[in-house]
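Student: The structure under discussion is supplied below as structure tokens; questions concerning it will follow.
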Ligand SMILES: Nc1ncnc2c1ncn2[C@@H]1O[C@H](COP(=O)(O)OP(=O)(O)OP(=O)(O)O)[C@@H](O)[C@H]1O
């Protein structure tokens, strides 16, 4: 694969359409050790979308997220995020990340944990407390402001991580297998909570990695299906089902058809 891309062409895209939050054109990533992690990825993400990424282990899902988050550079192609380079978008705090590991500060109570991004930006305390209470209420933890992370269950810790990501009011939320370690009931509850928050005004687009096809079909407006390494986008499946989604949808023939459609792409 040709990877002759200059540093400047990597991050600067003059003809960005304002409505495209992520614009990825022919993007590739070869790590310094020669591993070809991503090849020829084309993807446009619009406002208010919910995209799930599925694919076998090692197919480059996290690499795509890390490139969008400006944590690693593409080695070919063009990528813009929120109309600018990924690194610049990250600096503007319009992009937030949630990982499977909660990475909460063990010595800080919940309000201090969720407002840490604001503290680092020098936001005054009164405003921080207001914003912290807002996001803890959003995730159903408004009575837990003074509690320490060790007093919480796994599902509650994940809620706190989501609250911390929301505190900056991001336009783009990247979630890398956030619910992978949770039991099925907690997982479904958190799926519904996330959809409820996202649906409130759909001012934020969510990109969500999962190994679970059922989860992808339940949450998404579109499912991005990736092939094994070198990772390519094999297909993007539109999930043409209105929100809010319910348990009825989970047990409907329509849901089963979408699961089959995504699974078929994964198998080929
Ligand atoms: N920093 C790195 N240096 C070299 N190779 C890497 C690096 N990071 C990832 N890789 C390799 O790139 C490929 C894609 O990895 P990536 O983590 O993006 O896949 P993934 O689809 O997210 O996998 P998983 O579902 O297991 O998390 C893998 O072969 C991985 O070993």
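Student: Taking Cα atoms of the chain, Rg/Rh with Kirkwood Rh, to two decimals? Mind dumping the intermediate values first?
Tutor: Details: Rg = 18.6 Å, Rh = 19.2 Å.
That ratio equals 0.97.
Student: Sorted from fewest to most neighbouring beta carbons within 10 Å, what does the list 211, 268, 102 look like?
Tutor: Values: 211 14, 268 9, 102 20.
Result, fewest neighbours first: 268, 211, 102.
Student: Mind ordering 57-70, 113-126 by average Cβ neighbours within 10 Å, highest first?
Tutor: 57-70, 113-126
Student: Can you say what percent of the DSSP beta bridges in the chain, counting only those with both residues inside, are antiparallel? Round to 5.
Tutor: Numbers: 18 of 37 bridges.
Bridges in the chain that DSSP calls antiparallel: roughly 50 percent.
A short reminder: the numbers here are calculations on the coordinates, not readings from a lab. Only a predicted model underlies this, so the values are computations on that prediction, with no experimental measurement involved. Glycine also receives a Cβ, built like all others from the backbone with ideal geometry; neighbour counts cover every protein chain displayed.
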